[in-house]
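Undergrad: Shown below is the structure under consideration.
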Amino acid sequence: MRHVRKGICCAAAAGAIALGYLAAGVNAPAVAADPPCVAPADLVRLDLPLERTARHLASRKLTLIVALGSSSTAGSGASSAKAGYPSRLMVELARRFPTEPLMVLNRGIAGERAVDMLARFDDTVASEHPDLVLWQLGTNAVLRGYEHGKSDSVIREGIRRIKAIGADAVLIDPQYAPKVIAQRQVEDMVDLISSAAAQEKVDVFHRFALMRHWHEHEGVPFETFLSTDGLHMNDWGHSCFAKALANAIADAAALDQTSRKDHLESEAATTGEAH
């Protein structure tokens, strides 16, 4: 799939699991009975600037985003591919960047763990030469059980491979859902992802914290944002997640992020803490 940039300007890439659009005018369906999509900035803000993404947006060249993951990315729980988070993310980003060409390629395969995703990384991610990789991971490891040290190594290897192709990276941690939070290792996995990302200096989108906020602080019932299986996001969940992620990406890819990075580095030098 090496020709996405060269041959596609207004259509989805061939072989994409769900469609990525350049159309800025696609509208999300409005459902009057749905609760408001609440995403507190302190929960969803990315800590580091997305430098390559910012450069491509500024250049007006095609900005290519690959969504790598398992069933949440593949679209499980959504009513259609267009209702899954990668397609909804494309719509939301097009609203925020109406004059910049953007595309999201869906590279999610249900049931995969991080190690499975790395096994196909070269063919399904690196070959596309993306500017940004969104890596959704951790849920299947939690559901099946995992060894902390091995998972840490796999996550770090994945981060390094994303960096090696010159792409920005955003890790996405597990969903807050009954079948996930029933597992004793879930908090460990959330912490593991955050720790590895911090040490490797890449961003994390805290999906677990966001969805917990919906349920515990906004009083949104699980059935409002999850499918009947108690695991996967439904259309509302995919849509609200995509909106929050689009806002986070837009903020982190803003042109003034260079000064933000300089400030963080200066602060780290002063306090002796790594950001």
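The values are calculated or read from the model by the stated rules, or taken from the named source; none is laboratory data. What you see is a predicted model, and the numbers here were worked out from it, not measured in a lab. In this analysis, Cβ positions are derived from the backbone assuming ideal geometry, glycine residues included, and neighbour counts consider all displayed protein chains.
Undergrad: Got a number for residues in the range 165-179 being outside any loop (DSSP other than H, G, I, E, B) and in contact (Cβ under 8 Å) with a residue 40 or more places away in the chain?
TA: Adding up the residues that qualify gives 5.
Undergrad: Among the listed residues Ala58, Ala67, identify the single one that is surrounded by fewer than 19 Cβ atoms within 10 Å (Cβ to Cβ), touching a Leu at 6+ places or on another chain (Cβ under 9 Å) and not in a loop (DSSP other than H, G, I, E, B).
TA: One residue alone meets the criteria, Ala58.
Undergrad: Need the failing condition index for Glu200 against (1) farther than 23 Å from Pro35 by Cα; (2) buried (at least 20 other Cβ atoms within 10 Å of the Cβ), just the number.
TA: With respect to (1) farther than 23 Å from Pro35 by Cα; (2) buried (at least 20 other Cβ atoms within 10 Å of the Cβ), Glu200 is out only on (2).
Undergrad: Being β-branched (Val, Ile, Thr) and surrounded by 20 or more Cβ atoms within 10 Å (Cβ to Cβ) is the filter here; which residues of the range 160-179 pass it?
TA: Ile162, Val170, Ile172
Undergrad: Have a look at Arg120, Arg144, Arg113 and point out the one that is farther than 19 Å from Thr53 by Cβ, among the basic types (Lys, Arg) and crowded, with 18+ Cβ neighbours inside 10 Å.
TA: Arg113
Undergrad: Kindly evaluate Arg107 against the criterion of being basic (Lys, Arg), buried (at least 19 other Cβ atoms within 10 Å of the Cβ) and touching a helix residue (DSSP H, G or I) at 6+ places or on another chain (Cβ under 8 Å).
TA: Taking the combined requirement at face value, the residue satisfies it.
Undergrad: Please work out if Ala81 is small (Gly, Ala, Ser) and under 12 Å from the mean Cα position of the chain (by Cα).
TA: no
Undergrad: Next up: Looking only at residues that are in contact (Cβ under 8 Å) with a residue 40 or more places away in the chain and surrounded by fewer than 21 Cβ atoms within 10 Å (Cβ to Cβ) in the range 72-82, which one is nearest to Asp173 (Cα to Cα)?
TA: Ser76
Undergrad: List, please: which pairs have Cβ atoms under 8 Å, are six or more places apart or on different chains, and start with a residue in the range 220-244 that is within 23 Å of Ala67 (Cα to Cα) and end with one that is of a type in the set (Asp, Glu) and modelled with pLDDT of 95 or more?
TA: Hits for this filter: Ala242/Glu92; Lys243/Glu92.
Undergrad: With respect to His129, determine if the residue is surrounded by fewer than 23 Cβ atoms within 10 Å (Cβ to Cβ) and at positive phi.
TA: Yes.
Undergrad: Okay, moving on. For the range 180-260, which fully contained helices (runs of 4 or more DSSP H) count at least 2 residues that are of a type in the set (Ser, Thr, Tyr)?
TA: Counting at least 2 such residues, we get 186-200.
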